[in-house]
Each structure stands twice: as structure tokens, then as C-alpha cells.
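Visitor: Structure provided below as C-alpha cells; questions to follow.
The values are calculated or read from the model by the stated rules, or taken from the named source; none is laboratory data. Computed from a predicted structure; not experimentally measured. FYI the Cβ positions are ideal-geometry reconstructions off the backbone, even for glycines, and counts take in every protein chain you see.
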């Protein structure tokens, strides 16, 4: 067993500046102990070396007075901690560019990108393709590192001020793309351009080829060194970030840590995810931290979703200007240390699998994010499975009730075959938007949904869905029409239950002309009954509408379609949607129920959560538990069982921020 497979990281990343080469190592170790950290990630090489390098083109920080890397590694190991060496090969010092300009990124006009004396490199150039391996080799043969991490790996086209310079047109990229596709590089990121589609495939393939070479080098030297970066291919620890950016468009994504962790934790059994909580509000404001409440949510979501903990600052603790979040980080790290036997090894309850659109041609995740948000707010337990790993997860997915496909348009043939086989095993398939509407997917659309795609319309100003009838309207409302926007797929359903008739657009202004709407022959949902079970297709984009606008009407319609397919859950709770709930099994046969109070979030600002309670939680189990332990207080709590001994109920008196419960079974 490799050290990282325990999945109990409590990692601190000190993102060193070149002037931090004189840091007090003993003080750093003392700070790490105060945070209950068990792993340190620190700069080793790449842009700057923090050790005395023998390599000509590995630029060494001029502030280095001793072998900082060696001292830090030795003292972290003495303190019982692991050390992960951080590299960044995306850029190099301008002195190297002057000697080897052919190693570097070029704009379409042939210009380099020099940012404060640091010049952008290219993944296809000699610096990354060959010389980076020499830098890795020097560190992992000279120093006893436990892991290596690569920052900004892959195709980087933006500088630190978020100026995007476009596709790299260095000679290495031009030659390699021409050799692979007999084409010239595309001029821009035009997704309708066939050359650009090939370029996305080119990025995917060449990135994996580079990771192959890194993996072969590292594992040949020492298989116990963990490899980590922001890619999932040939790595042991997938790194992601929960961060903020001042220019990022709204809505603010509340479930950053949960989504980052679940998309890896639920997809792979042989990888772990380390989701880094970035303290800074943005790159240009590295010395101002986000709110304490936002940090708290990120860290609790990480452990509740199945990962460890990961926190990053610029520089070192004793020189950092904004320490307001440190007490909260310490508390959560300490809680994880005290209870780590229950974390990192959480198992699925196998109800719903939400497919995340991934692969070289992915263009939009909005529908996926909106449905993720719906399921969270409705307290429906679900897994996230990355699309490009659908085939390898087929055996596991046979045990699930549902697969939800959120407006995914690009598919590989074997992925489609997997969907068909899963339905033949009794798994119900729910699709939205323009899923399976391409010509080469028509047979699958017909097989799963008894549907024939006619066309897509985006002319939906003043278009609605008729909700009256078949109990799709709430019983306490007289609302009959729900608006739609965006894209609507006109699909003819045969031998299906047709729901939500599509009301054609009509005039809406001036108010005197807001009338004359007519029903069309098309519907917003079709439920097909096959010999293997029922599937549902929603011809619009409920997730996109909910993500962008937040009207519960769209969430409620999606939820009611699921209920028409006889969805059954282990979990039922009367908590509001502002409580994020988690339920998992453990390898010891226990269940872990966790609740996170998100009520302090108002759409933009993270404030102190409002206490919520009492909350009644109902679990449908195979037997009566022997005990329920509240992890926060270490006390047993009362519960009730029904006469059949298959349903138990317990109460959370008041949820402040986060509570966890372990249900011990017989």
C-alpha cells in the first residue's frame, strides 16, 4: 500500500516567493504542527530552484543562502510529516529565453509573453518535453521527497493579469500539429471550426503523452513517490482548487469543494483528490484572504465529500499579512485529525449517478452544475462520474437506480454502448437538453427514449411549459405555466408518457399584445417504458435555467419527473435546501451522515450561518443500529425505529455550522 492511499491528507502549501529562500525552517515546522498538518507542499524547482542546482537551465533564486529544500525535507520527516515538491514548468526566467528562445510559447504574431521577467514556455517545446524531466530527476534522486506536484500543467495561454494571448504558435506546436493532423494550427478558439476541434483533441493527446513520460521516469526511480497535478491521467493525487477571481462572472458557485472532490472521488478507486482551499481573493491580491465562512465551507465540504484537507497561502505563516482564517483552519484540521478513521474511506450509497461532461470536446458544464445544485438542495444522495471514465465504471454503475445525463452532446461509441447495457441491467436513464441529438446518435435516442429528434429552437422568448395535469403542478399552487429559455429540443416521442406540453412563443409587448399563445405538438418531457424499465428525457435545460436564474419552478419540475420514475432514497430529511447533507457507508458497515449549514451565503457574501433546527432525519436501513454517535461531541444520541425495524429517525436539535454522525450497525 502506498502512503497516499490512506487518503488522510492534511496538507499545507506554502507558495514561496523567491525572497522566502531565507525562511526560518524551525518556525515553519512549528506552524505546521499548530495546524495539525501531516503533509507540506513547498517549491522545489521550475521557475526558481530553492536548492543548489547543477543544471544550467534551472534558474536558482539569488536569495538562496543554504540548501533550503534539504533542510525543510529533513525537518518535515523528523516531525512525522510528508513532503511534496512543487514544480512549475509553465514559465522560465528570461535569461533562459535569451539563450533558448525556441523553447518558449509564441503568439500567432510570433511574440513571446514576458511577465515581470518570467517568460511563458510551451508543453511541446524542449524545455517542458525534455529539460523538465532533468529537473524532476535531479530533485527526486538527490532529495527524499514523498511526492511531486506540477503547477499550471498543460496548455497555458493567459498571464497573471488574465490576459489571454491565444493558441500557441511556436514552431514545436506547428510542427507537431501538422504531423498529427496534416493541418495548420487554428487561428482562434472558434468551437465551430473543425481545425479547432482537432486542436482540442491534440491538446488532450499531447498532455497525456507528457504525463506518460513523467510517470515512467518517476515510477522507475521510486514508485513510492506520488505524482500530482490538475490532470487525472497517470497521477496518484488529482489536485483541484476552490478559489475566487474578481472577474469571474456570477452566479457564485457555492459547491466548489463538493463538486471538485466528488468528480474525482466517485470516479476513480485508485486516485485521491486533494482540493486546495486558496486563501487569497485573487492572484493580484494574494495578501487578502477570503472570508472565514467561505474557508470553513470549502474545508468541511472537502472532508464530507471524501477527501482530506488542503490549504494554501503565499509565502510563510509568520510573514503573512491576513491571518484571520487561521483559527478556523486549525479547528477543522484538528477535528479531522481526531476523527480521521471515519474520513477518506467513505463509500457510496449507490442511488443516482450524475455524469460530468468531460473529454476533449467539452464546451459547457452549466447544465451539469445546475442539476448538481438541484440534487444537493433536495438532499438526494448522488455520485459524480466523469464522462471519459464512464466505460471503466460500468460494473459499479449497474448497482445504481439512475444515471442523469446533463445536456451532453459529444459521445464516443463505446460510451453510448455502455449506456444501453446499463439500461438493460435495469438502470434508469434521465437526459436533458440536446443529449443524443446528433445524427450518429439517433439509434441510441430511439432505443432509450423512443424519441426522434426533429430540430432545436432557441427562439424561446415568451415560450412556456404547461404543467397542469398528471400531478406535475404543486398541489398548493394554481400555477400552470413555467417559462423556459435557451434551447429546446423538438423530439417526437412514440409510445411514451408525454409531459409538459410546449407552449409556442407569442407576442409579449406591448402588454396589450401579450396573448395568442398556442400549444405545439412537442413536449418538455417524455417517459419511455422499455422492457428493462423507464427512462425520462427533458427536452429543455432545467439545470442551466436553475443555475443561471434560480427559479425553483424548474427544479421542482425536474424533481417531479424523477419521482415519476419511482426514485427511492435511503435518506429523508426536513432540512431546508440551505443545509448540505452527505450520507455514506464505511468499509466497517457503518453509515456516516453529515450536515453543513450554508444559510450564511446570500448569493455573493459568506456570512455567519443562521442556526437551523430541529431537523428530523429518517434513514431506511437494513437493520436497527446499535448506536448513533455525534462526532463533534463524541456523545451517543437517541433514535427511534419503526415496527419493521427498517426505518430509523433521529433529530439534530440545532445545526450551527457542521455536524457529523456515525451510525453503528449490528
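Visitor: Looking at 378, 338 in this structure, which one is free of Cβ contacts under 8 Å to residues at least 12 places away in the same chain, surrounded by fewer than 21 Cβ atoms within 10 Å (Cβ to Cβ) and not assigned by TED's automatic domain parsing to the domain that holds residue 621? Show your work before the answer.
Guide: Values: 378 fails: free of Cβ contacts under 8 Å to residues at least 12 places away in the same chain.
When all the criteria are applied, what remains is 338.
Visitor: Would segment 294-312 turn up any residue that is at positive phi and in contact with a helix residue (DSSP H, G or I) (Cβ under 7 Å, 6 or more places away or on another chain)?
Guide: Yes, there is a match, as at least one residue in segment 294-312 is at positive phi and in contact with a helix residue (DSSP H, G or I) (Cβ under 7 Å, 6 or more places away or on another chain).
Visitor: Next question, about the same structure. Yes or no: segment 617-629 includes at least one residue that is part of a loop (DSSP other than H, G, I, E, B), more than 27 Å from residue 401 (Cα to Cα) and in contact with a strand residue (DSSP E or B) (Cβ under 9 Å, 6 or more places away or on another chain).
Guide: Of the residues in segment 617-629, the ones part of a loop (DSSP other than H, G, I, E, B) are 621-626.
Narrowing the set further to residues that are more than 27 Å from residue 401 (Cα to Cα) leaves 626.
Cutting the leftovers down to in contact with a strand residue (DSSP E or B) (Cβ under 9 Å, 6 or more places away or on another chain) gives us 626.
Yes, segment 617-629 contains at least one residue that is part of a loop (DSSP other than H, G, I, E, B), more than 27 Å from residue 401 (Cα to Cα) and in contact with a strand residue (DSSP E or B) (Cβ under 9 Å, 6 or more places away or on another chain).
Visitor: Still on this model: Residues that are under 30 Å from residue 347 (Cα atoms) and under 23 Å from the mean Cα position of the chain (by Cα): does segment 160-172 have at least one?
Guide: Keep residues of segment 160-172 that are under 30 Å from residue 347 (Cα atoms), which gives none.
Within segment 160-172, none of the residues are under 30 Å from residue 347 (Cα atoms) and under 23 Å from the mean Cα position of the chain (by Cα).
Visitor: Considering (1) under 14 Å from the mean Cα position of the chain (by Cα); (2) surrounded by fewer than 24 Cβ atoms within 10 Å (Cβ to Cβ); (3) part of a strand (DSSP E or B), say which one residue 281 fails and leave the rest.
Guide: All conditions pass for residue 281, except number (1).
Visitor: Related question: Can you confirm whether residue 501 is free of Cβ contacts under 8 Å to residues at least 40 places away in the same chain, within 35 Å of the chain's Cα centre (by Cα) and crowded, with 16+ Cβ neighbours inside 10 Å? Give the steps one after another, and end with the answer.
Guide: Numbers: free of Cβ contacts under 8 Å to residues at least 40 places away in the same chain: yes; within 35 Å of the chain's Cα centre (by Cα): yes; crowded, with 16+ Cβ neighbours inside 10 Å: yes.
The answer is yes for residue 501.
Visitor: May I pose another question? Quickly run through segment 76-102 and pick out the residues that are buried (at least 16 other Cβ atoms within 10 Å of the Cβ) and free of Cβ contacts under 8 Å to residues at least 40 places away in the same chain.
Guide: Result: 94, 96, 97.
Visitor: Of all residues being closer than 16 Å to residue 118 by Cβ and in contact (Cβ under 8 Å) with a residue 60 or more places away in the chain in segment 50-75, which is surrounded by the fewest Cβ atoms within 10 Å (Cβ to Cβ)? Just the residue, please.
Guide: We begin by selecting, within segment 50-75, every residue closer than 16 Å to residue 118 by Cβ; these are 50, 57-63.
Now drop any that are not in contact (Cβ under 8 Å) with a residue 60 or more places away in the chain, which leaves 57-58.
On the way: 57: 17, 58: 22.
Ranking the qualifying residues of segment 50-75, first place goes to 57.
Visitor: Residues being assigned to a loop (DSSP other than H, G, I, E, B) and in contact with a strand residue (DSSP E or B) (Cβ under 8 Å, 6 or more places away or on another chain): count how many of those fall in segment 162-173.
Guide: First pass over segment 162-173, keeping only residues assigned to a loop (DSSP other than H, G, I, E, B): 162-163, 165-170.
Then drop every residue that is not in contact with a strand residue (DSSP E or B) (Cβ under 8 Å, 6 or more places away or on another chain), which leaves 165, 170.
Count: 2.
Visitor: What do you reckon, is residue 238 over 9 Å from the mean Cα position of the chain (by Cα), touching a residue at least 24 places away in the same chain (Cβ under 8 Å) and assigned to a strand (DSSP E or B)? Break it down stepwise before answering.
Guide: Numbers: over 9 Å from the mean Cα position of the chain (by Cα): yes; touching a residue at least 24 places away in the same chain (Cβ under 8 Å): yes; assigned to a strand (DSSP E or B): yes.
Considered against the rule, which asks whether it is over 9 Å from the mean Cα position of the chain (by Cα), touching a residue at least 24 places away in the same chain (Cβ under 8 Å) and assigned to a strand (DSSP E or B), residue 238 comes out as yes.
Visitor: Quick one: would you say residue 580 is free of Cβ contacts under 8 Å to residues at least 24 places away in the same chain, closer than 24 Å to residue 405 by Cβ and surrounded by 12 or more Cβ atoms within 10 Å (Cβ to Cβ)?
Guide: On the way: free of Cβ contacts under 8 Å to residues at least 24 places away in the same chain: no; closer than 24 Å to residue 405 by Cβ: yes; surrounded by 12 or more Cβ atoms within 10 Å (Cβ to Cβ): yes.
So residue 580 fails the test.
Visitor: Hey, among 271, 262, 234, which residue is more than 18 Å from residue 307 (Cα to Cα) and either at pLDDT below 95 or outside the structural domain of residue 374 (by TED's automatic domain parsing) (or both)?
Guide: Step by step, each of 271, 262, 234 is checked, and only 234 is more than 18 Å from residue 307 (Cα to Cα) and either at pLDDT below 95 or outside the structural domain of residue 374 (by TED's automatic domain parsing) (or both).
Visitor: Just to check your reading of the model, which residue among 562, 598 is within 30 Å of residue 281 (Cα to Cα) and in contact (Cβ under 8 Å) with a residue 40 or more places away in the chain?
Guide: Numbers: 562 fails: within 30 Å of residue 281 (Cα to Cα).
Among 562, 598, only 598 is within 30 Å of residue 281 (Cα to Cα) and in contact (Cβ under 8 Å) with a residue 40 or more places away in the chain.
Visitor: Look at segment 35-68 and say how many of its residues are part of a loop (DSSP other than H, G, I, E, B) and either within 28 Å of the chain's Cα centre (by Cα) or at pLDDT below 95 (or both).
Guide: From segment 35-68, those part of a loop (DSSP other than H, G, I, E, B) are 35-38, 46-48, 50-59, 61-67; that's our starting set.
Filter once more, keeping what is either within 28 Å of the chain's Cα centre (by Cα) or at pLDDT below 95 (or both): 35-38, 46-47.
Summing the residues that are part of a loop (DSSP other than H, G, I, E, B) and either within 28 Å of the chain's Cα centre (by Cα) or at pLDDT below 95 (or both) in segment 35-68 gives 6.
Visitor: Suppose we filter 141, 130 for residues that are without any contact (Cβ under 8 Å) to a residue 40 or more places away in the chain and either more than 27 Å from the chain's Cα centre (by Cα) or part of a strand (DSSP E or B) (or both); which single one remains?
Guide: Working: 141 fails: without any contact (Cβ under 8 Å) to a residue 40 or more places away in the chain.
Matching residue, one of 141, 130: 130.
Visitor: State the number of residues belonging to segment 391-430 that are under 23 Å from residue 197 (Cβ atoms) and in contact (Cβ under 8 Å) with a residue 60 or more places away in the chain.
Guide: Number satisfying all stated conditions: 2.
Visitor: On the basis of being surrounded by 14 or more Cβ atoms within 10 Å (Cβ to Cβ) and either part of a strand (DSSP E or B) or modelled with pLDDT under 95 (or both), does residue 437 make the cut?
Guide: So residue 437 fails the test.
Visitor: In the set 447, 474, 489, which member is modelled with pLDDT under 95, assigned by TED's automatic domain parsing to the domain that holds residue 544 and either within 32 Å of the chain's Cα centre (by Cα) or farther than 23 Å from residue 530 by Cβ (or both)?
Guide: Every option except 474 fails the conditions.
Visitor: Identify, by number, the condition in (1) outside any loop (DSSP other than H, G, I, E, B); (2) in contact (Cβ under 8 Å) with a residue 60 or more places away in the chain that residue 32 doesn't meet.
Guide: (2)
Visitor: Got a number for residues in segment 292-305 being surrounded by fewer than 18 Cβ atoms within 10 Å (Cβ to Cβ) and touching a strand residue (DSSP E or B) at 6+ places or on another chain (Cβ under 7 Å)?
Guide: Selection size over segment 292-305: 0.
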